[in-house]
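Down below is the structure, laid out as structure tokens.
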């Protein structure tokens, strides 16, 4: 009978380049805990723990906070799938820029040849430019001024690779959890709902710089037109608004 390999904390620290103190801290906060005990009561890390450690390090290297890493992993996020999804998004953006380039080259050639630019060419270029813009820009513009929108852009750019995980992994997962609680009939004042809201607001502060007006404007934009903000024309508007109201109840009506 064969048994799986295990690692005590010292050996794992040496193999991973981390300190024993760091691994003990991650154990304390529940990020990475040895899942096996020996007959003598000593805690050891299993192969599954080693896989989780790799995922923690990979996500942390992208600039994510430990809280965000924990949320991603506890949600059952597969880093390989995330990278592929991210790559697909990048490739889609490249394709859109390729279309824009071709249309601008054609437009430039017509102008250089002093030909009359056709309305079709101009409209094609305008449509291509529009597709490369930020989703929901017009909706945000109804609730935020130019300076506030620039704050969002600058803060998002400063987050680097972490932006993808915060916006496309952790934030949607928080909303999914909240929606499950709402549809299960859990009160908005329940402690779990309020913890989710607190984390959502913390993420919001990353992008708003802590400006309450910007955060409120973004929430209002989502409430106004969730389809435009999400880029999903099939977004369930009524469900979103009910969830939005549910989360606002959690914010403003503490138990």
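Bear in mind these aren't lab numbers, they're just calculated from the coordinates by the rules spelled out. Bear in mind the structure is a predicted one, so any value in this text is a computation, not a measurement. Don't worry about glycine lacking a Cβ; one is built from the backbone with ideal geometry, like all the others, and counts go over all protein chains shown.
Separation between the residue 91 and residue 252 pseudo-spin-labels, each 7 Å from Cα along Cα→Cβ, expressed in nm?
Roughly 4.5 nm, to one decimal.
Starting from one equal scatterer on each C-alpha and no solvent at all, send me the Debye-based log10 I(q)/I(0) for the stretch 9-61 at q = 0.19 Å⁻¹, two decimals.
Each listed q corresponds, in turn, to -0.61.
Using 0.36 nm per residue of separation minus the Cα-Cα distance, give me the extension gain between residue 192 and residue 67 in nm, one decimal. Display every interim value, and only then the final one.
Values: separation 125, 0.36 × 125 = 45.00 nm, distance 1.57 nm.
Going from the current span to full extension adds 43.4 nm.
Residue 157 versus residue 180, label points 7 Å from Cα toward the beta carbon: distance in nm?
3.8
Expected output is a single nm value to one decimal: the length gained when fully extending between residue 150 and residue 167, i.e. 0.36 nm times separation in residues minus the C-alpha distance. What is it?
My answer for the length gained is 4.4 nm.
How much length is gained if the chain between residue 111 and residue 47 is pulled fully straight, taking 0.36 nm per residue apart and subtracting their Cα-Cα distance, in nm to one decimal?
Using 0.36 nm per residue and subtracting the Cα-Cα distance, I get 16.7 nm.
Can you give me the relative contact order of the stretch 9-61 as a percent, contacts being Cα pairs under 8 Å and 6 or more apart?
Contact order relative to length: 23 percent.
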